[in-house]
Structure formats: structure tokens, C-alpha cells
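The values are calculated or read from the model by the stated rules, or taken from the named source; none is laboratory data. This structure is a prediction, so every number in the text was calculated from the model and none was measured. As a convention, Cβ positions derive from the backbone with ideal geometry for all residues, glycine included, and neighbour counts pool all protein chains shown.
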Amino acid sequence: MGKSKNKQAGRKNKSAAAKPTKAQRADHHVLYQKSVQDPATDVALMLEKFTELRGHAPRVLREDFCGTALLSVEWCRGDKARTAVGVDLCESTLNWGREHNLMPAGEAGRRVTLIHGNVLDAAAPPADMTCAFNFSYNAFKDRTAMLAYFRAAHAGLADGGVLAMDVYGGQEAIDTMEEEREVEGEKFTYVWEQEKFNPITHETLCHIHFDFPDGSRLERAFTYEWRLWTLPELRELLTEAGFSAVRVFWEVYEEGDEDDEYMVGTGRYVEVTEVEPQQSWIAYVFAEK
């Protein structure tokens, strides 16, 4: 009798040990979309600034470095007249996006075309607006490559088209650090790690990890080997590539309540030519063809 109980306990312990952790069961694309991306906000900003600059709303979007194309789908959801083209080098990521983003979106998803190719030479219809978000253009580490990309982006725009990019910087951006953020409404923690930074080349090595309540971690779910480009460099290269105007939009901050230690972002972006130094910032560049 006792021997039988020991066997049963052993089977239970083995079963418990074999149970996969939350990190092992997680889908890294789902985690990224929930913790990093905010497509509704990005689309609203592009529509607002394009209309301010051009006097009419854009219809055709090209999303470079599109990943799972979540942003392209959101673009098409808002208006049946809109279409989008997403370009990315990773075929498996595009396939995941087709299954999990385009197909569930129905008619809106059918107005998104995905291209497995290089943003430097992918053939696509002229776009009213091209976006290069989530800082992915930093994968181009030298001036020649970045200029080639900006020239390709310029050529891919329709007359009067606009290229939109997000840019990050500040003292914290050139340091080694790890920052955790609880993801609202989700049971996991987003961790951004800046492992290395070379002040001579501005090359940086960064990772995204995800931590879970059971103590498990999805280590290096994403890794980025970038050159951190500065705003002056980007503006000069965009002008050299043929863009007629390069505008920088900075978030408006205001004082929070008495419990807030820092200024609070409002989500509104205004064009600026001069700002005070900040420890950490994200801005948007809109370059007009």
C-alpha cells in the first residue's frame, strides 16, 4: 500500500515539474503588441499631422519594418477608403501577422498587402504616408546605408507625401540600464535593457524581456543591434535625400497632481525648433516630399 502511494506521489511530482512556465507558453509577438505598440495613437497622430501639413487626409500608408502589421490593420480599420502596404525582412513574422492580425480584421485586413522584402528596394504603390516606427531604422548603422533608406523612402512617396519616424534620446538613452514596466491590464512585466552603448560609434545593444507572476522570464524575446542616430544627423540626411522640409514634433508635458514626481505627458505633439535637455524623450519627425 505504502509503495503504491510513493509511486503515485512520484508521478505527481514529475507531472508538476514538467508543467511549462508562463514564459514558455507565451507568444512573444502577442507580448510585444500589448506592451510596445499603440496603433490607434500612432494612426491618429499621422492623420492629424499629415492633414495639418497637406490640407487633406492621407489614404495610402506604407509601413516599413512592419513586423506583424498591427499598425497597417489599424490604419485600414478607420476608413474603407484606406489601404496599406507593410514591408519586412522576416517572413515568419509576416506570416504570423497574416494569421493573427489581417485575417481576424476581415475586410479591413484584405486592404493590407504584405511584402517580404528589403525596405531599400521593395516595389510598392506610391504612398501618401510612409512610417518607420519603433526605431527600427536604427538598424542602418552607417551614413551611406541610412541615406540610401531615406532616398528609397522619398522615391516611394507620392507627390506631397510624408515620411513619419519616431526618435528617442536623452541622457538615459546613452547609458546601460534596465527598466521595468507593468503592462496595464496584463499579467506580465515588460523589461527594456540597454546592455551596451559605444559613445564613439553610438552603437547600442538592447533587449526586451518579459517577466511573469510565476517567476519565469522570457529572456531576450527581442534583441536590437542599433546605431542610435541623433536628431541633427537624421534631419541632415533627410534633407540630403531630397525632402523639402523636416519637422520635429515634441510631446507637451504638464504638471501632474501632488503625488506625481515628474511632469506628465499629454499625448499632444507640437512642432518645435528648440527644447530643454531631458533625461529621456521620444519625438516624431515628419519629412515632407
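Against the definition (out of contact with any His (no Cβ under 8 Å at 6 or more places or on another chain), surrounded by fewer than 20 Cβ atoms within 10 Å (Cβ to Cβ), assigned to a strand (DSSP E or B) and modelled with pLDDT of 95 or more), how does ASP159 come out, yes or no? Yes, satisfied. Against the condition exposed (fewer than 13 other Cβ atoms within 10 Å of the Cβ), of a type in the set (D, E, K, R) and closer than 26 Å to VAL119 by Cα, how does ASP175 come out, does it pass? Answer is no for this residue. LEU31 falls short on exactly one of the conditions (1) closer than 30 Å to PRO213 by Cβ; (2) without any contact (Cβ under 8 Å) to a residue 12 or more places away in the chain; (3) among the hydrophobic types (A, V, I, L, M, F, W, C), and that condition is (2).
Conditions (1) under 29 Å from GLU186 (Cα atoms); (2) at pLDDT below 95; (3) surrounded by 11 or more Cβ atoms within 10 Å (Cβ to Cβ), marked per residue:
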| site | (1), (2), (3) |
| --- | --- |
| ALA9 | no, yes, no |
| ASN13 | no, yes, no |
| ALA17 | yes, yes, no |
| LYS22 | yes, no, yes |
| TYR32 | yes, no, yes |
| VAL36 | yes, no, yes |
| PRO39 | yes, no, yes |
| VAL43 | yes, no, yes |
| MET46 | yes, no, yes |
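Annotation: of all residues in segment 127-144 being surrounded by 14 or more Cβ atoms within 10 Å (Cβ to Cβ) and over 19 Å from the mean Cα position of the chain (by Cα), the one that is nearest to VAL87 (Cα to Cα) is ALA127. Take ARG181 and tell me if it is in contact with a strand residue (DSSP E or B) (Cβ under 8 Å, 6 or more places away or on another chain), in contact (Cβ under 8 Å) with a residue 40 or more places away in the chain and within 30 Å of GLU48 (Cβ to Cβ). In short, yes. Applying the criterion of being of a type in the set (D, E, K, R) and in a strand (DSSP E or B) to the residues of segment 268-289, the residue that is nearest to ALA245 (Cα to Cα) is GLU288. Here PHE150 clears all of (1) in a strand (DSSP E or B); (2) crowded, with 20+ Cβ neighbours inside 10 Å; (3) among the aromatic types (Phe, Trp, Tyr) except the condition numbered (1). Restricting to segment 47-104, count the residues that are among the basic types (Lys, Arg), touching a residue at least 40 places away in the same chain (Cβ under 8 Å) and not in a strand (DSSP E or B). Number satisfying all stated conditions: 3.
Against the test of being in contact (Cβ under 8 Å) with a residue 60 or more places away in the chain and either surrounded by 16 or more Cβ atoms within 10 Å (Cβ to Cβ) or among the small types (Gly, Ala, Ser) (or both), the options TRP250, TRP281 yield a single qualifying residue, TRP281.
The residues listed here are THR189, THR266, THR204, THR273; of these, the one that is over 19 Å from SER136 (Cα atoms) and either surrounded by 12 or more Cβ atoms within 10 Å (Cβ to Cβ) or aromatic (Phe, Trp, Tyr) (or both) is THR189.
Residue by residue, here is whether (1) among the small types (Gly, Ala, Ser); (2) touching a helix residue (DSSP H, G or I) at 6+ places or on another chain (Cβ under 6 Å); (3) part of a strand (DSSP E or B) holds:
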position: GLU172; (1), (2), (3): no, no, no
position: TRP192; (1), (2), (3): no, no, yes
position: THR201; (1), (2), (3): no, no, no
position: HIS209; (1), (2), (3): no, no, yes
position: PRO213; (1), (2), (3): no, no, no
position: PHE222; (1), (2), (3): no, no, yes
position: GLY242; (1), (2), (3): yes, yes, no
position: VAL248; (1), (2), (3): no, no, yes
